[in-house]
Amino acid sequence: MVTPAIRAGAAGYVPKSADGHTLLSALRIVLAGEICIPPRYLGSAAAGAAADSPRPPCASTERHLQVLSLLSDGMSNKSIARQLGIAEATVKLHVSAILKELGARNRTEAVIPANDLGLLCD
C-alpha cells in the first residue's frame, strides 16, 4: 500500500496506529518539502518508490538525520546544538522524535537500527 501511494505522489505515510505526536512530526516533515516514510517501511519497496519521486526520500527530516549522525558519534545535546547552531531545547525535540520513530528507549537503541537501515553515513 505504501509503494503505490508514494509513486502516485503522496508526500509520506503515517500508519493508523500513530499517535498525535507522530502525526504532527509527519506533517512538519511534509510541510518542509520532504517525504515522510517511517523507518520500518524503508526496507520495503516504498524506499524504491520514493527514489523515483522528485523530492529526496528520507526517514525523517534532514535535521533529524544530522542529529542522529551526531548522536552516533556520542555527542551530548549541548554539543550537537553548538555544532548545528540551534538551541539545545530544539535538539531535545529532535532526539525525542528520533527515539519515537525508531522505537528506541535511549540513544544507543536508536543508533543500532538507524545503522542497520543505512541512515548513518560513514
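Coordinate-derived values only; no laboratory data. Here the structure is a predicted model, which means the values were calculated and not measured. A quick note on method: Cβ atoms are made from the backbone with ideal geometry, for glycine too, and the neighbour counts reach across all protein chains shown.
Of all residues in the range 108-122, those being assigned to a helix (DSSP H, G or I) and crowded, with 17+ Cβ neighbours inside 10 Å number 3.
May I ask you to list the residues in the range 63-107 that are of a type outside the set (S, T, Y) and not in a helix (DSSP H, G or I)? Spell out how you get there, then give the answer.
First pass over the range 63-107, keeping only residues of a type outside the set (S, T, Y): 63-68, 70-71, 73-75, 77-78, 80-89, 91-95, 97-107.
Those that are of a type outside the set (S, T, Y) and not in a helix (DSSP H, G or I): D73, G74, M75, G85, I86, A87, G103, A104, R105, N106.
Number of residues in the range 12-23 that are more than 13 Å from the chain's Cα centre (by Cα) and either within 16 Å of G103 (Cβ to Cβ) or surrounded by 12 or more Cβ atoms within 10 Å (Cβ to Cβ) (or both): the value is 5.
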